[in-house]
Amino acid sequence: MRQLTNFETRDVETLLHPTTNLATHRVSGPLVLERGQGVHVYDTTGKRYIEGLAGLWCTGLGYGNQELIEAAADQMRKLSFTHLFGGRSHEPAIALAEKIKEISPAPTSKVFFTSSGSEANDSQIKLAWYYNNARGKPRKKKIIGRMRGYHGVTIASASLTGLPIFHTDFDLPMARVVHAEAPHHWRAGHPGETEEEFATRLAKNLEDLIHKEDPETIAAFIAEPVQGAGGVIIPPRTYFEKVQAVLTRHDIAFIADEVICGFARTGNWWGSQTFNIRPDTVTMAKAITSAYVPLGAITVSEPVYQALVDESKKLGVFAHGFTYSGHPVACAVANKTIEIYQRINIVRHVQTVSPVFMARMKTLKDHPLVGESRAIGLIGALELVKNKSSKESFDGRQGVGAKVVAFAQEEGLICRSVGGDSVAMCPPLVITADEINEAFDALTKALDRAAHWVEKDLGIKLGS
Ligand SMILES: Cc1ncc(COP(=O)(O)O)c(C=O)c1O
């Protein structure tokens, strides 16, 4: 067993790491990163890695972008902070809201800012409740999330999340949240069932669930266009069209959680465009600032806004907001980020390099460890299995996904195991074709080493 360095020991003795196996961490210690440039990050020993997960699906423009650094510094010099409470305002927030209104895939009248995706989804729930009280529908309060969905970790957003590990022992989910099925065709499709048939079945099951719960009690449905942390689950063909029709029939709002998919990740500005979703409202965060500073946002339609106006007139104030709702530095960086995305035509860039990414992902489907390979735009995952034909998974405690990630790290690639043993790739949007190939060369070596480890150390014969 490796001896932790002094520095690593300081980490272990001081930090409570988010979403980490705290016991293993005490033994393995941290990966301490020191700097970044382009799509690469460097650890404290100077070792270089491709950031294959764009940090946490967020560093769209990569590292060391001077324009973003200058935008933040300029704003700090000019006005480091002012808030938006009680009608106060500032130019960067106004400009950003105007820009979001222009590009939003939902009918947008106003924009509400937060500092994270979790706060943004919390705000979605509060607004849905407030709105339905305002319009005289006090029973219409439940929110439908989906299994394998990820929407954050606050009490409310973790409740929307459909991954049991985020609920167990936290006494979640809270009341008034229900979960529909995950749209995972490869895992949950019946033998011989096409993607379209599977989508029809899921939409029917959703409608059954709505009837069971009583449509008059359901305010909204929340979905990521591509489920990210749940395993990069790409919806089956026609799924969202069919789901949308069900929701419309029952006056249930569609909240598109674009926290990962927004800003070109799937090859369009929004995942909603890629999958024919017509959301009522959108949650965004992460790549909106390329993660240089924290920022989240939700869009508000005109009818909802009008109801909020009436209600705040009645109550005296619309009593919701964070100190950092519309932080000027975050807004300035977001304005610059979007300006750069538009100037360099990030959507076209993703469409240009995506075929290389998709082709390398597809090739890995033939690897003995890989059951399914899924990808779109610049996001994908390899679902690892013991047996390719029976699709039998590994026992989660064997940590096969984590092992691939560890080997990849040694080979100079940072990636992440999500949603069971699915190894996710989601590099910075500005990655080039050569860098994609560099990343996949490392990933292929990591998979080969992991397959060898599974057979030799775990004594498991991989089945084809
Ligand atoms: C789709 C989605 N929604 C919400 C969140 C929560 O965002 P945050 O971690 O900024 O609270 C995430 C984070 O990964 C996410 O992927």
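Values in this text are rule-based calculations from the coordinates and carry no lab data. Since the structure is predicted, the reported quantities are computational estimates derived from the model, not experimental observations. Virtual Cβ from ideal backbone geometry, glycine too; neighbours counted across all protein chains shown.
Under 5 Å between amide hydrogens, built in the peptide plane, is the criterion, and for Ser116 it picks out Gly296 among residues at least 5 positions away or on other chains. Derived scalar couplings between HN and Hα for the range 112-117 equal 10, 9, 9, 10, 7, x Hz in order, rounded to whole Hz, by the Karplus curve 6.51 cos²θ - 1.76 cosθ + 1.60 (θ = phi - 60°), x for Gly and Pro. Straight-line cross-link partners of Lys99 among the aspartates and glutamates, defined as a Cα under 14 Å from its Cα and at least 8 positions apart when in the same chain: Glu91, Glu339. A straight Cα-to-Cα reach below 19 Å connects Lys388 with the aspartates and glutamates Glu193, Asp366, Glu372, Asp421, Asp448, Glu455, residues fewer than 8 places away in its own chain not being considered.
Just round it to a whole percent: the fraction of Cα-Cα distances in the range 198-317 exceeding 22 Å. Spell out each step's value before the answer.
Details: 3055 of 7140 pairs.
Result: 43 percent of Cα pairs exceed 22 Å.
Partners of Lys445 within straight-line reach, counting lysines whose Cα lies under 17 Å from its Cα and excluding those fewer than 8 residues away in the same chain: Lys362, Lys365, Lys403, Lys456.
Calculation over all alpha carbon pairs of the range 67-343 in 5 angstrom steps from 0 returns a P(r) of 1, 6, 12, 17, 18, 17, 13, 9, 5, 2, 1, 0, 0 percent. If you take every DSSP beta bridge whose two residues both sit in the chain, what share of them, in percent to the nearest 5, is antiparallel? If I count the DSSP bridges inside the chain, around 65 percent turn out antiparallel. In the distance distribution for the range 52-142, Cα-Cα pairs more than 14 Å apart total 79 percent.
Counting neighbouring Cβ atoms within 10 Å and putting the fewest first, the residues Met76, Met284, Met147, Met361 line up as Met76, Met147, Met361, Met284. Computed extension gain for Thr24 through Val309, at 0.36 nm per residue and net of the alpha carbon distance, reaches 97.5 nm. When the C-alpha to C-alpha distance is required to be over 27 Å, the pairs from Lys242/Lys286; Lys78/Lys314; Lys142/Lys314 that qualify are Lys242/Lys286; Lys78/Lys314. Put a dot 7 Å past the Cα of Ile69, heading toward its Cβ, do the same for Ile155, and the two dots end up 4.2 nm apart.
Counting each pair of different Cα atoms once, what's the Kirkwood radius of the range 266-378 in Å, rounded to one decimal?
Working: mean 1/r = 0.0573 Å⁻¹.
The answer is 17.5 Å.
Paramagnetic label reach from Leu15 (point 7 Å along Cα→Cβ; backbone nitrogen cut-off under 19 Å): within the range 52-67, residues 52-59, 63-64. For a test of the definition: using alpha carbon positions, the gyration tensor, and the 1.5 limit on a/c, classify the chain as rounded, prolate or oblate. It is oblate, given that a/c is not under 1.5 and a/b is not larger than b/c.
Note on Asn276/Phe7: beta-carbon distance plugged into 1/(1 + (r/R0)^6) with R0 of 45 Å gives a FRET efficiency of 0.35.
Counting pairs of alpha carbon atoms under 8 Å apart in space and at least six apart in sequence, what relative contact order in percent does the range 67-343 give?
Working: 537 pairs, mean separation 81.1, N = 277.
Once normalised by length, the contact order is 29 percent.
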